[in-house]
Amino acid sequence: MKKYNKLVISPHIDDEILGCGGILDENTFILHCGVENRYINGDMSISVVTRISELEKVSDFLKFDFKLLDNKVNSYKLNDLIGEFEKNINQIKQEQVYIPYPSYNQDHRIVYEAALVALRPHDINFFVKKILVYEQPHVYLWDKTHNINGTFIPNYFVPINVDKKIKAYEYMKTQVRNFRSPEQIKSMATLRGAQSNSSYSEAFQILRWVE
């Protein structure tokens, strides 16, 4: 298997773009935890085929590789994910792993918890030197913790090309929403840029950093 510098664990297709779109490249592997047909009022509105087609377009544009795990969306199981994460981490042997902030979404919380277990120091696990949590614009609007001591606290910033990130996001036409619009993505990048003395940035929270 090709060696990658970065592994991004993405609960759903689009989370990786919203949280890490500015740092995705040919040295990145995305592990998607699941995908589903989307139903509205009992009728299928967005198919799995469409979602994967959009993902492939983004992959071609940003040059990353990906793997799609077979888990039922909105019903992720902690023990299943732990084993899958450990297996892929041990195969890829990446230096950096990016995991989602445990937001109001139940899948994000399970993925975060499973990743913490899979990334623990253990003699059967590949030791990942750098573990970072990524955020998403819509989570900033509604942080489920409601706890000033438990919210996302960025302490690592990466300047990005925000227009390229937005273009990648717009390839996922079915996932663009008002509460996570291109305008909000740019606003968040502007805010994080102001915090880090750059025009636009993505922000992360370091869980472990070993040189």
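The values are calculated or read from the model by the stated rules, or taken from the named source; none is laboratory data. Predicted model, so just to flag it, every value in this text is computed and none were measured. As a convention, Cβ positions derive from the backbone with ideal geometry for all residues, glycine included, and neighbour counts pool all protein chains shown. Keep in mind that these areas ignore ligands, DNA and RNA; they rest on the heavy atoms of the full protein, side chains included. Shrake-Rupley method; radii C 1.70, N 1.55, O 1.52, S 1.80 Å.
The residue of the range 60-84 that is most open to solvent (accessible area, probe 1.4 Å), among those that are assigned to a helix (DSSP H, G or I) and closer than 16 Å to Cys33 by Cα, is Asn79. Contact map, the range 98-122: residues that are under 24 Å from Tyr4 (Cα atoms) paired with residues that are among the acidic types (Asp, Glu) and surrounded by fewer than 22 Cβ atoms within 10 Å (Cβ to Cβ), Cβ distance under 8 Å, separation 6+ or inter-chain. Pairs shown: Ala118/Glu86.
For the range 76-101, taking the residues that are touching a Lys or Arg at 6+ places or on another chain (Cβ under 9 Å) and among the β-branched types (Val, Ile, Thr), the one that is nearest to Ile17 (Cα to Cα) is identified as Val97.
For every residue, the table says whether it meets (1) of a type in the set (Val, Ile, Thr); (2) in contact with an Asp or Glu (Cβ under 9 Å, 6 or more places away or on another chain).
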site: Gln91; (1), (2): no, no
site: Tyr101; (1), (2): no, yes
site: Tyr104; (1), (2): no, yes
site: Ile110; (1), (2): yes, no
site: Glu113; (1), (2): no, no
site: Val133; (1), (2): yes, no
site: Pro137; (1), (2): no, no
site: Tyr140; (1), (2): no, no
site: Asp143; (1), (2): no, no
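Results for (1) more than 14 Å from the chain's Cα centre (by Cα); (2) of a type in the set (Ser, Thr, Tyr); (3) over 17 Å from Ile206 (Cα atoms), shown as yes or no for each residue.
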{"position": "Asp70", "(1), (2), (3)": "yes, no, yes"}
{"position": "Ser75", "(1), (2), (3)": "yes, yes, yes"}
{"position": "Asp80", "(1), (2), (3)": "yes, no, yes"}
{"position": "Glu86", "(1), (2), (3)": "yes, no, yes"}
{"position": "Gln94", "(1), (2), (3)": "yes, no, no"}
{"position": "Asp107", "(1), (2), (3)": "no, no, yes"}
{"position": "Ile110", "(1), (2), (3)": "no, no, yes"}
{"position": "Ala115", "(1), (2), (3)": "no, no, no"}
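Yes/no per residue for (1) more than 16 Å from Gly21 (Cα to Cα); (2) assigned to a helix (DSSP H, G or I):
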| residue | (1), (2) |
| --- | --- |
| Ser103 | yes, no |
| His108 | yes, yes |
| Ala115 | yes, yes |
| Val128 | yes, no |
| Ile131 | yes, no |
| Ile185 | no, yes |
| Arg208 | yes, no |
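Which residue is modelled with the lowest pLDDT, if the candidates are limited to the range 1-23 and must be open to solvent by 10 Å² or more (accessible area, probe 1.4 Å) and in a loop (DSSP other than H, G, I, E, B)? Filtering the range 1-23 for residues that are open to solvent by 10 Å² or more (accessible area, probe 1.4 Å) and in a loop (DSSP other than H, G, I, E, B), the one modelled with the lowest pLDDT comes out as Met1. Of the residues Phe157, Phe152, the single one that is assigned to a loop (DSSP other than H, G, I, E, B), touching a strand residue (DSSP E or B) at 6+ places or on another chain (Cβ under 8 Å) and surrounded by 13 or more Cβ atoms within 10 Å (Cβ to Cβ) is Phe152. Restricting the range 49-59 to residues that are without any contact (Cβ under 8 Å) to a residue 40 or more places away in the chain and of a type outside the set (Val, Ile, Thr), the residue that is most open to solvent (accessible area, probe 1.4 Å) is Glu56. Under the condition of being polar (S, T, N, Q), in a helix (DSSP H, G or I) and open to solvent by 60 Å² or more (accessible area, probe 1.4 Å), the residues counted in the range 161-183 number 1. Of the residues making up the range 24-42, those that are open to solvent by 10 Å² or more (accessible area, probe 1.4 Å), at pLDDT below 95 and either part of a loop (DSSP other than H, G, I, E, B) or not hydroxyl-bearing (Ser, Thr, Tyr) (or both) are Val35, Glu36, Asn37, Arg38, Ile40, Asn41, Gly42.
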